[in-house]
Amino acid sequence: MHDRSTRQSQRSGTVLAADVGGSFIRLARSTHPGNIELLEKLPTPADSWEEFGCALETTLRTHAPNEEWPLALSIAGLVDPDTTTALSANIPCITGHKLSLELGERLQRRVIAANDADCLTLAEAIEGAGKGHDIVFCAVLGTGVGGGLVVDGRLVRGKGGLTGEWGHGPILNTSVDLDGQTVLVPRFSCGCGQSGCVDTVGGARGIERLHRFLNAADATSHEIIQDWLDGCQMAGRTISAYLQLVADPLAAVVNVTGTSIIPVGGGLATASELISAIDEAVRARILRKTEQPIVVPGIFGSDGGLVGAAILGHQA
């Protein structure tokens with residue numbers, strides 16, 4: 001359903017897309033959704049609003065002098081959809097600025113901005129692993145946990161742009177069953193100011209935190225996952241706890257949104273066996289019983305934000 005309605009509302013012609021991270025800005029040109037041509041990669045002036053605007057102005061003057069081409073930004077941070085006011089720990093200079101208004105005036109073109117997880121979700125929903133599904137929830141499992149929601153081909157951003165932030169909801173049950181023994185996992189402090197958020201255990205750092213708590217041993221998430229695949233008992237305890245803690249809230253997301261597919265982005269998306277195990281645990285907990293996978297690896301990887309920003313520009 002969403003493919004038809006999205007095509008009807010898409011902008012024809014060229015749009016510009018920029019993936020704005022804490023370290024780099026990647027600028028691309030797109031002539032149709034799903035197609036991007038990388039134009040330039042430049043360092044992000046993360047600490048100076050003036051230098052940030054100047055960097056965009058200079059690169060657009062070089063690569064995109066046509067002011068009729070809108071610019072869509074994928075931002076590593078929150079973007080209020082009503083005001084486009086940004087909040088970003090990785091790019092502190094943009095915090096408090098109204099991106100569409102202020103950059104639009106400076107760059108003399110229309111500017112659209114959204115959170116990078118939202119852009120990734122849009123990419124996976126329209127051109128990626130969620131293509132053909134009416135409701136797509138994307139789970140970002142990177143250093144921490146994020147997400148986004150697309151319904152009928154359109155982002156559902158919500159008040160303050162907070163839709164999809166399941167990582168900052170509480171772990172539903174911190175008691176995990178490990179080989180018949182009940183273990184109570186602490187509600188770890190979260191960077192958002194709360195305690196017990198899914199973000200504290202659901203990403204790569206969360207796996208490492210769980211491993212340290214359960215086994216009094218330090219290892220990287222990559223090492224833990226590989227050891228789990230190799231049959232290591234300690235790593236097996238960690239991943240078992242991880243699956244229980246993450247599958248409960250993700251199953252709640254499925255029941256609440258009605259999504260039929262959850263593409264996974266972020267660094268953990270490359271661990272296909274882990275994603276498969278999450279999928280099995282989630283499907284065991286949801287109301288709608290299905291043999292079809294729901295939690296699947298996304299297909300765009302690090303390009304998801306850029307592809308999604310381009311789609312956002314075409315829809316604007």
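The values are calculated or read from the model by the stated rules, or taken from the named source; none is laboratory data. Bear in mind the structure is a predicted one, so any value in this text is a computation, not a measurement. Please note: Cβ atoms are built from the backbone with ideal geometry, for glycine as well, and neighbour counts cover all protein chains shown.
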Original post:
Failed condition for VAL145, given (1) buried (at least 19 other Cβ atoms within 10 Å of the Cβ); (2) farther than 22 Å from VAL256 by Cα; (3) in contact with an Asp or Glu (Cβ under 9 Å, 6 or more places away or on another chain), with all others met?
Top reply: (2)
Original post:
Which residue out of VAL264, VAL185 is surrounded by fewer than 22 Cβ atoms within 10 Å (Cβ to Cβ), touching a residue at least 12 places away in the same chain (Cβ under 8 Å) and of a type in the set (Val, Ile, Thr)?
Top reply: VAL185
Original post:
Within region 167-176, is even one residue within 15 Å of the chain's Cα centre (by Cα) and either outside any loop (DSSP other than H, G, I, E, B) or surrounded by 15 or more Cβ atoms within 10 Å (Cβ to Cβ) (or both)?
Top reply: yes
Subject >> Entirely in region 1-108, the helices (runs of 4 or more DSSP H) that have 2 or more residues that are surrounded by 20 or more Cβ atoms within 10 Å (Cβ to Cβ) and at pLDDT 95 or above >> reply: 49-63, 99-107
Original post:
Within region 67-78, can one find any residue that is under 17 Å from GLY22 (Cα atoms), within 20 Å of the chain's Cα centre (by Cα) and not hydrophobic (A, V, I, L, M, F, W, C)?
Top reply: yes
Original post:
Out of (1) assigned to a strand (DSSP E or B); (2) touching a Phe, Trp or Tyr at 6+ places or on another chain (Cβ under 9 Å); (3) aliphatic (A, V, I, L, M), the odd one out for VAL254 is which?
Top reply: (1)
Original post:
Do the conditions hold for VAL256, that is, is it within 17 Å of the chain's Cα centre (by Cα) and under 17 Å from ILE171 (Cβ atoms)?
Top reply: no
Subject >> Cβ-Cβ under 8 Å pairs, at least 6 apart or on other chains, region 89-103 side in contact (Cβ under 8 Å) with a residue 24 or more places away in the chain, far side exposed (fewer than 15 other Cβ atoms within 10 Å of the Cβ) and polar (S, T, N, Q) >> reply: CYS93/SER48
